[in-house]
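Notes follow once the structure below has been shown.
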Amino acid sequence: MRKILLVLTTVALSVSAMAEDHFYVGPQLTYQFWDKDRFLPDLDDDNGVQLGLNLGYKFDAGYALEFAAQTSASDTNAEAEVIEFNYYLYGSESSIGTTPYLVAGVFSYVHMDPDVVVDKATTNLVLGAGISRFLGDHLEWKTDIRFRSAVISDIPDPVLDIGLTTALNFHFGRSGAAPAPAPTVASTPAPAPTPVVERAPAPAPAPAPAPRPQPREVTVELDVLFETNSSIITDLDDAEFRRMADALEENPSVTLTIEGHTDSDGSAEYNETLSQRRADRVKEALVEQYNAPENRITAIGYGEARPVATNNTAAGKAQNRRVVGVITYQVAQ
């Protein structure tokens, strides 16, 4: 078991050096209620604390794969060692920042002291549910309840263990909206002067009517980063946001529409909801942090409906995960 923990630690340090986007590592603690049928007679009360380390890879689509190793931390007869390879499926983030998830053991192996158990090693299935919450940009806390059932063993009766597990994971890189290029504004050419032709002895021409204001739009991609599968802003371009807020404050005729867009990973309904939450967060940041006038800002989420690149490559998906600001103003025609 010590060798396994050493391997996990070595892999984690290598991952941190690479700063990959979806890897994470962290310690875990489980209070394990072992099924009494695992033990020899008069040795059916050997519950205790298991300490371990997990290494996982979290995908943008809302699931993760995790390898974990545990060993007994309390003074018990079982001296259990556990190795698991688990699959996590995450739901949608709640309004208070927590995310529910399901966990299923793709592989689970338990080894115990052969002097106190019916079968020293069993292969098991695992199923559980819990919640996850990020405590900062990279630190994740999660806790769950797991049920473990032995499927390959010499124990004559059915076995069902129950574990209460909590973990504190550090994420070495988290994807969000792709950094946007510097905003470009297309200039509108001034109208050509109208030549005046004087004809004698004709009277002077009547003055031309004043030009009517016409709406014009400028589209600016905003440099905003979000947490994975979340609407929490992790970084934004302060100078860019300040210029946009000043433009709204100084020009009463200017309005702004914040558009949120995603790639095609996940369902279309979830992507539309996620893009709307992200657009709302950008609007809130402009109003609350930069004092932009709220009544002239609109937030709209388009989900995956308006891609600007292919969703068949990672680079194309990165371009599609974006937040766009559309500025509308009046010019004379």
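The values are calculated or read from the model by the stated rules, or taken from the named source; none is laboratory data. Small disclaimer: the values here were computed from a predicted structure and weren't measured. Don't worry about glycine lacking a Cβ; one is built from the backbone with ideal geometry, like all the others, and counts go over all protein chains shown.
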Q | Condition met for Ala315 (out of contact with any Asp or Glu (no Cβ under 8 Å at 6 or more places or on another chain), of a type in the set (Gly, Ala, Ser) and under 21 Å from Glu249 (Cβ atoms)) | A | no
Q: All but one of (1) at pLDDT 90 or above; (2) within 30 Å of Thr98 (Cα to Cα); (3) surrounded by 15 or more Cβ atoms within 10 Å (Cβ to Cβ); (4) not hydroxyl-bearing (Ser, Thr, Tyr) hold for Pro27, so report the exception by its number.
A: (3)
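This table checks each residue for (1) free of Cβ contacts under 8 Å to residues at least 40 places away in the same chain; (2) in contact with a Cys (Cβ under 9 Å, 6 or more places away or on another chain); (3) surrounded by fewer than 18 Cβ atoms within 10 Å (Cβ to Cβ).
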site: Arg243; (1), (2), (3): yes, no, yes
site: Leu248; (1), (2), (3): no, no, no
site: Val254; (1), (2), (3): no, no, yes
site: Glu259; (1), (2), (3): no, no, no
site: Arg277; (1), (2), (3): no, no, no
site: Glu284; (1), (2), (3): yes, no, yes
site: Ala292; (1), (2), (3): no, no, no
site: Arg306; (1), (2), (3): no, no, yes
site: Lys317; (1), (2), (3): no, no, no
Q: Scan segment 63-75 for residues that are at pLDDT below 90 and crowded, with 20+ Cβ neighbours inside 10 Å and jot them down.
A: Ser72
Q | Residue tally, condition among the hydroxyl-bearing types (Ser, Thr, Tyr) and within 23 Å of Pro307 (Cβ to Cβ), over segment 235-269 | A | 4
Q. For residues in segment 153-167 being under 23 Å from Tyr88 (Cα atoms) and surrounded by fewer than 19 Cβ atoms within 10 Å (Cβ to Cβ), which is farthest from the chain's Cα centre (by Cα)?
A. Leu160
(Q) Checking the structure you have, find out if any residue of segment 276-296 is over 19 Å from Met244 (Cβ atoms), modelled with pLDDT under 90 and touching a strand residue (DSSP E or B) at 6+ places or on another chain (Cβ under 7 Å). (A) no
Q.
Show me the strands (runs of 3 or more DSSP E) entirely contained within segment 216-333 in which 2 or more residues are under 25 Å from Gly136 (Cβ atoms), assigned by TED's automatic domain parsing to the domain that holds Ser94 and charged (D, E, K, R).
A. none
Q: Run Phe85 past the list (1) surrounded by fewer than 21 Cβ atoms within 10 Å (Cβ to Cβ); (2) within 21 Å of the chain's Cα centre (by Cα); (3) under 22 Å from Phe172 (Cβ atoms) and report the number of the one that doesn't hold.
A: (2)
Q. In segment 145-171, which residues are charged (D, E, K, R) and in contact with a Phe, Trp or Tyr (Cβ under 9 Å, 6 or more places away or on another chain)?
A. Asp161
